[in-house]
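Laboratory data are not the source of any read-out in this text; all were calculated from the coordinates shown. Bear in mind the structure is a predicted one, so any value in this text is a computation, not a measurement.
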């Protein structure tokens, strides 16, 4: 029963990741507001960058494990979240960017990585 709960949680986290990607695609300005960034006036490609990165990349890396059910696909998504957390943690240390947003994001990103990976670790 516990292992089933971990699998359900892994799928839920992947759906959450997919939802973030869809939000980045459909509402790039909303996605920027969510993370506290803004576009540069006169650079229309900044919206394209948000749609591509926060939309397309998140959608692609989240949709594949959900459709395939492959453990390695879930592990790739987990690695993406975990490495995002590790890189953000490095930024807090090396760049002095220890803000509430970054600390919260590190916790969320590392938790997402663990939640997604946990039931699929036997595939390693």
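Compute the long axis of helix 71-94 from its Cα atoms, compare it with the longest principal axis of the Cα atoms of the chain, and write down the angle in degrees, 0 to 90, nearest 10.
Between the helix axis and the principal axis of the chain, the angle is about 50 degrees.
Can you quote the Å³ per residue value for the convex hull of the Cα atoms in the chain, rounded to an integer?
Value for the chain: 113 Å³ per residue.
If each DSSP helix of 4+ residues adds -39,500 (n - 2.57) and the sum is divided by the residues in the chain, what number results at 222 nm, nearest 500 deg cm²/dmol? All intermediate terms of the calculation are to be shown ahead of the outcome.
Details: 6 runs with 92 residues, N = 124.
The per-residue figure over the chain is -24500 deg cm²/dmol.
If you average the C-alpha positions of region 43-81 and of region 95-124 separately, how far apart do those two centres end up, in angstrom?
So the two Cα centres are separated by 16 Å.
Taking the Cα atoms only, what angle lies between the long axis of helix 100-117 and the longest principal axis of the chain, rounded to 10 degrees?
30
In a GNM of the chain with a 10 Å cut-off on Cα contacts, which of 62, 91, 17 has the highest mean-square fluctuation?
91
Can you give the angle from 0 to 90° between the axis of helix 58-68 and the longest principal axis of the chain, with both taken from C-alpha atoms, to the nearest 10?
20
Rank 35, 86, 108 by mean-square fluctuation in a GNM of the chain with C-alpha springs under 10 angstrom and give only the top-ranked residue.
Maximum fluctuation in the GNM of the chain, among the listed residues, is at 35.
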